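Below is one structure, written out as structure tokens, with a few remarks after it.
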Amino acid sequence: MPPTLDPELRRALAARIRYYNEMGIYDFYRRSVSVQTEEVAAQIAVDEQEIAVSINPELGEEMSPRKSTAVAMPVALEAEENIFEAIALKPEQSVSDPVKALKVIREDLGDCTRCVLHKQGRKQIVFGVGNPTAELMFVGEGPGADEDEKGEPFVGRAGQLLNNMIKAMGIEREQVYIANIVKCRPPGNRQPERE
């Protein structure tokens with residue numbers, strides 16, 4: 001009989017799947033399985049189905065491809081590897097205060113060199129600004145030349161347009177949070193690459 005998932009791991013997986021479902025993500029893909037872990041993978045698949053149904057009972061046994069809930073977790077884990085490391089909390093997730101969490105994230109980024117953009121002409125990281133407890137957040141694709149110069153998102157022409165849109169909504173820029181997906185300016189303002 002294949003081993004079953006630890007109850008604590010089941011809860012963690014269920015919470016992760018629920019989080020992704022709330023974000024509108026329903027499709028997950030599993031990496032290929034090594035021969036050594038086929039039994040474990042089979043049990044995980046059964047457990048995933050049970051977790052998915054417990055989260056969303058209407059899925060039942062007829063889970064449509066759009067509502068598939070296979071966990072995107074590598075299952076080809078070595079026996080001595082701690083499976084909880086794959087779903088461990090990040091430092092900012094252990095902080096309940098959003099201001100402190102953003103500070104932890106910013107400190108972690110430092111003068112980031114995680115991708116090639118730091119070598120391609122960017123001057124500085126453009127981190128988010130605004131109210132960390134805002135109910136409304138605007139997220140851009142990546143900073144442009146003006147943003148790279150000032151170190152703040154949406155300060156160029158697009159920022160002026162955004163400011164006008166925010167004013168038209170009857171709120172102030174300081175009441176929202178503004179950030180970009182990519183924190184460094186791509187060269188020539190090209191679209192960010194997948195990496």
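Brief remarks on what is shown
Conditions (1) more than 30 Å from MET165 (Cα to Cα); (2) out of contact with any Phe, Trp or Tyr (no Cβ under 7 Å at 6 or more places or on another chain), marked per residue:
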| site | (1), (2) |
| --- | --- |
| GLN93 | yes, yes |
| LYS103 | no, yes |
| ARG114 | yes, yes |
| ARG122 | no, yes |
| VAL126 | no, yes |
| ASN131 | no, no |
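- Criterion (surrounded by 15 or more Cβ atoms within 10 Å (Cβ to Cβ), within 18 Å of the chain's Cα centre (by Cα) and of a type outside the set (Lys, Arg)) met by exactly one of ILE178, ILE125: ILE178
- Close pairs (8 angstrom Cβ cut-off, 6 or more residues apart or separate chains): farther than 14 Å from GLU147 by Cα and without any contact (Cβ under 8 Å) to a residue 12 or more places away in the chain in the stretch 183-195, of a type outside the set (Ser, Thr, Tyr) and part of a loop (DSSP other than H, G, I, E, B) anywhere: GLU193/PRO186
- Hits in the stretch 181-195 - residues which are loosely packed, with under 11 Cβ neighbours inside 10 Å and either at pLDDT 95 or above or part of a helix (DSSP H, G or I) (or both): GLY188
- Residue ranges of helices (runs of 4 or more DSSP H) in the stretch 51-168 with at least 1 members modelled with pLDDT under 90: 98-109
The values are calculated or read from the model by the stated rules, or taken from the named source; none is laboratory data. What you see is a predicted model, and the numbers here were worked out from it, not measured in a lab. Here Cβ is always computed from backbone atoms with ideal geometry, including for glycine, and neighbour counts include all displayed protein chains.
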